[in-house]
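A quick write-up on the structure given underneath.
The values are calculated or read from the model by the stated rules, or taken from the named source; none is laboratory data. What you are looking at is a predicted structure, and each value in this text was computed from that prediction instead of being measured. All Cβ positions, even for glycine, are placed from backbone atoms using ideal geometry, and neighbour counts span all protein chains on display.
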Amino acid sequence: MPDLLTTDEAATYLRLSERKLYELVANGAVPCTKVTGKWLFPKAALDRWLAAGLLTPALAHAPAPPIVGGSHDPLLEWALRESGSGLASLPEGSEAGLRRLTRGEVMIAAIHLHGLECDDAQRTSRRLLTRRGYTTRF
């Protein structure tokens, strides 16, 4: 199978109708790119997308550990220590924190989205998190 799949190939690979695949594309829910008017789907990105949505019985009900992941923020780290909340900090970057949050590896993601328009950053974050059932506050 090629590294870049056409719409027909991607629909077959995902076992979806082309109509459903176009619906996912329109909602920005599936990784793809448009080249010369045609949608292409990187197979590796589709595999990661599928794996990110994978639920196993043991993980589906396990509560997230009391860890705040994401951006390194000295003020947040100080507040966590001083509050006595019992929350640990795992500062390894905003994107890593969001990935860990969606996989249930942390309870909270502290994020800084630099270089994006405020509305774009909010929309992107809301879309990612609400797909996973999280409530967002911006």
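Tabulated data
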| read-out | value |
| --- | --- |
| Residues that are among the hydrophobic types (A, V, I, L, M, F, W, C), over 13 Å from ILE67 (Cβ atoms) and modelled with pLDDT of 85 or more, drawn from the stretch 80-138 | none |
| All positions within the stretch 92-111 that are over 10 Å from the mean Cα position of the chain (by Cα) and not charged (D, E, K, R) | GLY93, SER94, GLY104, VAL106, MET107, ILE108, ALA109, ALA110, ILE111 |
| Qualifying positions in the stretch 1-24 - in a helix (DSSP H, G or I) and of a type in the set (S, T, N, Q) | THR7, THR12 |
| Members of the stretch 25-50 that are in a helix (DSSP H, G or I), charged (D, E, K, R) and more than 13 Å from the chain's Cα centre (by Cα) | LYS43, ASP47 |
| Subset of the stretch 80-108 [surrounded by 14 or more Cβ atoms within 10 Å (Cβ to Cβ) and assigned to a helix (DSSP H, G or I)] | LEU80, SER94, ALA96, GLY97, LEU98, ARG99, ARG100, LEU101, THR102 |
| Restricting the stretch 60-79 to residues that are part of a helix (DSSP H, G or I) and modelled with pLDDT of 85 or more, the residue that is nearest to ILE111 (Cα to Cα) | LEU76 |
